[in-house]
Amino acid sequence: MSTQTAKAQTHESMFDAVLARLDVAAKLMNLSEDVATILRNPMKQVKVSLPIMMDNGKVQVFEGYRVVHSTILGPSKGGVRYAMDVNQDEVMALAAWMSFKCAVANLPYGGAKGGIKCDPRAMSVGELERLSRAYAKSMKDVFGVNKDIPAPDMGTSGREMAWMLDEFNKVTGEDSPGVITGKPIVVGGSLGRDAATGRGVMVNTLAALKKMNLDPKSVTAAVQGFGNVGSHAARLLHEKGIKIVAIGDHTATFYNEKGIDIKAALDFAAKNNRVLKGFTGGTEIGANDLLTCKCDVLVPAALQNVITEEIAQNIQAKLIVEGANGPTVPEADHVLNERKIIVVPDILANSGGVTVSYFEWVQNKAGYYWTENEVNTKHDEKMEIAFSHVWNNAAEFKTSMRIAAYITALQKIGQGVTLKGNY
Ligand code: NAD
């Protein structure tokens, strides 16, 4: 693979980091300037102030965002994140990635993202419910089953989606379960959705190992993050015979060269407020040591911007499968490429979640629900096709998988723009 990468310069803005990769891909594939211009500008940006009565009797105002990046290939789709570092620029970047991700996974969707600047771990259940309802209410003209469809992301889960659905239905007077995905099963969720992003990480890892002629049973992996994506990814990779030597979350990080007992770690987290602090199945190491530890596969599945240029120089893994969105800064791309470390990029590697969200939406529209086996089979098939497209584009354009994934997305979105026309 060539060392064609995003420019080695510092990108303080996450959206600029998206554009840097877009520019590299656009140049390589000779993308029409008109298409690039459209995609450089998110279609709609909404910022709201959400006053919430806190348990202490005082009102606190939270910032909420929703950015619709594009609707060229269909209604916009994208999660809602609760975190303290949520801001306009981050949501713009995440929304653009959703447009590209849906196109790579061949889903009939555009891209969007939402978020609330808050610390969900420091809030009571009641406060979180009031905040989620206020957000859904404020988005009544943005969300819609054929318009813009949210889902869980960092800091949110089926619980928040159920509150948002209920509030949205109340304010619109509709009963439209497909307007939100990632819901609990009893209120119209899909079997397999909870584990889907981790499952996609597993399918992509196996596909890459096959191309690298590596037997999963002789491979070790380190997984950063033990939330929705990381815990399911670790469990499913472990089930495929991969030895998980390191796991970690925001509270603690562990290494065990003999392999971590993932079931024990899952049981421990389930009983300990979903965190790993206090787990005894490995030696405690520093958070960044997980990224550079001795392993064959590295799965960053927590935060963005963790693989910096410096960390990239010290990574020992041969393969990185990006469970998180944006874990690698653009400046690290060239280091990883030069070191011939294969990176299955976020817009491919974590597209399993939105793929099963799409299945949930289809099931909601049909009012007919599939078995978990049907969901998983259809998911795996779609992931394998997406992986092959990106892999083949990497070979054809002599570039990294990351730039090839952008090319794969831009080919589809570009066709959409041309066919719809009328600008
Ligand atoms: P989550 O909130 O369920 O879990 C996040 C995990 O990251 C937790 O284990 C947390 O402890 C850990 N973490 C936080 N700060 C950390 C730190 N400083 N060091 C190490 N670990 C840290 O979130 P999630 O849904 O698993 O999302 C994780 C990433 O995957 C995000 O980038 C998200 O955008 C992306 N993603 C999620 C989905 C999905 O379906 N949930 C889909 C696609 C992409």
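Name every residue in the stretch 139-164 that is closer than 17 Å to Ser76 by Cβ, more than 13 Å from the ligand (Cβ to nearest atom) and in contact (Cβ under 8 Å) with a residue 12 or more places away in the chain, in order of residue number.
Going through the stretch 139-164, the residues closer than 17 Å to Ser76 by Cβ turn out to be 139-153, 161, 164.
Of the ones still in play, those that are also more than 13 Å from the ligand (Cβ to nearest atom) are 139-149, 164.
The answer is Met139, Lys140, Val142, Phe143, Gly144, Val145, Asn146, Lys147, Asp148, Ile149, Met164.
All conditions in (1) away from the ligand (no atom under 12 Å from the Cβ); (2) surrounded by fewer than 20 Cβ atoms within 10 Å (Cβ to Cβ); (3) not in a loop (DSSP other than H, G, I, E, B) hold for Arg133, with the sole exception of (2). Evaluating Ala151 against the criteria (1) small (Gly, Ala, Ser); (2) within 17 Å of Lys365 (Cβ to Cβ); (3) surrounded by fewer than 24 Cβ atoms within 10 Å (Cβ to Cβ) leaves one unmet condition, (3). If you check every pair at least six apart or on different chains, which have Cβ atoms under 6 Å apart with a residue in the stretch 273-292 that is of a type in the set (Lys, Arg) first and a residue that is within 13 Å of the ligand (Cβ to nearest atom) and open to solvent by 30 Å² or more (accessible area, probe 1.4 Å) second? So the pair list comes out as Lys277/Thr251.
Taking each residue of the stretch 209-237 that is closer than 19 Å to Glu257 by Cα and looking for partners that are open to solvent by 40 Å² or more (accessible area, probe 1.4 Å) and within 16 Å of the ligand (Cβ to nearest atom) with beta-carbon atoms closer than 7 Å, six or more apart or interchain, yields Ser231/Leu266; Arg235/Leu266; Leu236/Arg199. For Ala222, are the conditions met, namely being assigned by TED's automatic domain parsing to the domain that holds Lys340, crowded, with 24+ Cβ neighbours inside 10 Å and over 30 Å from Leu410 (Cα atoms)? Yes. Within the stretch 30-40, not a single residue is exposed (fewer than 15 other Cβ atoms within 10 Å of the Cβ), in contact (Cβ under 8 Å) with a residue 12 or more places away in the chain and within 19 Å of the chain's Cα centre (by Cα). From the list Ala270, Ala221, which one is closer than 27 Å to Arg81 by Cβ, at pLDDT 95 or above, in contact with a Leu (Cβ under 8 Å, 6 or more places away or on another chain) and not acidic (Asp, Glu)? Residue meeting the stated conditions: Ala221.
Residue-wise test of (1) among the charged types (D, E, K, R); (2) within 15 Å of the ligand (Cβ to nearest atom); (3) out of contact with any Asp or Glu (no Cβ under 8 Å at 6 or more places or on another chain).
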position	(1), (2), (3)
Gly189	no, yes, no
Gly198	no, yes, yes
Asn204	no, yes, yes
Lys211	yes, no, yes
Pro216	no, no, yes
Thr220	no, no, no
Val229	no, yes, yes
His238	no, no, yes
Ile244	no, yes, yes
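The values are calculated or read from the model by the stated rules, or taken from the named source; none is laboratory data. Here the structure is a predicted model, which means the values were calculated and not measured. Every residue, glycine among them, receives a Cβ derived from its backbone with ideal geometry; neighbour counts consider all protein chains shown. Protein only, heavy atoms only, side chains kept; ligands, DNA and RNA dropped before computing areas. Shrake-Rupley method; radii C 1.70, N 1.55, O 1.52, S 1.80 Å.
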